[in-house]
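Here the structure comes first, spelled out in structure tokens, and everything after it is commentary.
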Amino acid sequence: MITFDSDVLDLLDEGRTNVRGLIRFDFGTGTYGFVKALSPFDYAGVTYQPGGIIQVSDLSGASGLSAQQFTITLAASPDDGLTPAVLQTIEAEDYRDRPVTILDAHFHPDTGALITVQPMRRGYVDVIDHEDDPEGGYKLVAQCETRALDYTRMNGRKRSDTDQQRRSTGDKWFEHASKRGREEVFWGKVKAK
């Protein structure tokens, strides 16, 4: 569920916020960000570079546990240094099943100050296709799946104190789990001897 501050809601109701779309790719070889703007934008330790034409397919919601597909299209923009040669370097990246996040950055219409950044969709990159259209130019099309994909993955964890300490040092939730045996508890009548 998306929630906004009352100040942001007032500006949204008036139709006065400036929104810039952000896309963050967390590849195994590094984090890359693109912003739908004319200049770079720094947020949460990532410099979002201006991209050419950034398009995101419909972000429809669905109930159930099945993953939904969506696509992200990034066009070459030689003026911003995003040449076809640069876009082709994606093949050297470890991108398969890596996280992608689509965000909306809301700016104040009068001051230009950042009001809030709201994640709109999270998912994983599945396949990246290259399209070289003589009329439309060079494009990368990332086929992605929502995080509902996690529901189908196997979890090999063993619920023990050692396992929990690897994930969260100092957490004592499973501290006594491996030390306790099974105890039979009888309900109702006393067990006959």
**Prompt:** In debye, nearest 20: dipole of the chain around its Cα centre with unit charges on the Cβ of K, R (+) and D, E (-)?
**Reply:** 2000 debye
**Prompt:** Taking amide hydrogens as modeled 1.01 Å from N in the peptide plane, which residues meet the under 5 Å criterion relative to S77, leaving out close sequence neighbours?
**Reply:** G52, L82, T83
**Asked** Say we join alpha carbon atoms closer than 10 Å with springs in a Gaussian network model of the chain; which of E175, E131, E91 then has the biggest fluctuation?
**Response** E175
**Within a Gaussian network of the chain (alpha carbon springs, distance under 10 Å), most fluctuating of L87, L12, L74** = L12
**Message:** Show me the trypsin sites (Lys or Arg not before Pro) within region 56-137 that DSSP assigns to loop and that have at most 16 other Cβ atoms within 10 Å of their Cβ.
**Reply:** R96
**Request:** Determine the distance separating the Cα centre of region 83-161 from the Cα centre of region 19-53; give it in Å without decimals.
**Result:** 10 Å
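Only loop residues by DSSP count here, and only those with at most 12 other Cβ atoms within 10 Å; note down the chymotrypsin sites (Phe, Trp or Tyr not before Pro) in region 80-155 that meet that. Could the numbers behind the result be given before it?
Details: sites: Y95, F107, Y124, Y138, Y151; in loops: Y95.
Taking region 80-155 and a limit of 12 other Cβ atoms within 10 Å, no loop chymotrypsin sites (Phe, Trp or Tyr not before Pro) are found.
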**Asked** Using a Gaussian network model of the chain with C-alpha springs under 10 Å, which one of I115, I23, I54 is most mobile by mean-square fluctuation?
**Response** I115
**Message:** Using amide H atoms built in the peptide plane, which far-off residues or other-chain residues are under 5 Å from A37 H to H?
**Reply:** G51
**HN-Hα J in Hz across region 5-10 - Karplus 6.51, -1.76, 1.60, θ = phi - 60°, x for Gly and Pro** = 5, 5, 5, 5, 4, 4
**Asked** In sequence order, what are the phi-derived ³J(HN,Hα) couplings for region 123-137 according to the Karplus relation 6.51 cos²θ - 1.76 cosθ + 1.60 with θ = phi - 60°, rounded to whole Hz, with x for glycine and proline?
**Response** x, 10, 6, 9, 9, 10, 9, 10, 10, 10, 9, x, 8, x, x
**Request:** Go through region 37-49 residue by residue and turn each phi into a ³J(HN,Hα) via Karplus (6.51, -1.76, 1.60, θ = phi - 60°); whole Hz please, and just put x for glycine and proline.
**Result:** 7, 8, 10, x, 9, 9, 8, 6, x, 10, 8, 7, 7
**Request:** Nearest 5 is fine: what % of DSSP beta bridges in the chain come out antiparallel, could you say?
**Result:** 95 percent
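Determine the calculated [θ] at 222 nm for the chain from helices alone, applying -39500 (n - 2.57) to every DSSP H run no shorter than 4 residues and normalising by the residue count; nearest 500 deg cm²/dmol.
Working: 3 runs with 21 residues, N = 193.
Mean residue ellipticity, 222 nm, calculated: -2500 deg cm²/dmol.
Just so you know, all these numbers are worked out from the coordinates, no wet-lab data involved. Everything numeric in this text was worked out from a predicted model, so none of it was measured. FYI the Cβ positions are ideal-geometry reconstructions off the backbone, even for glycines, and counts take in every protein chain you see.
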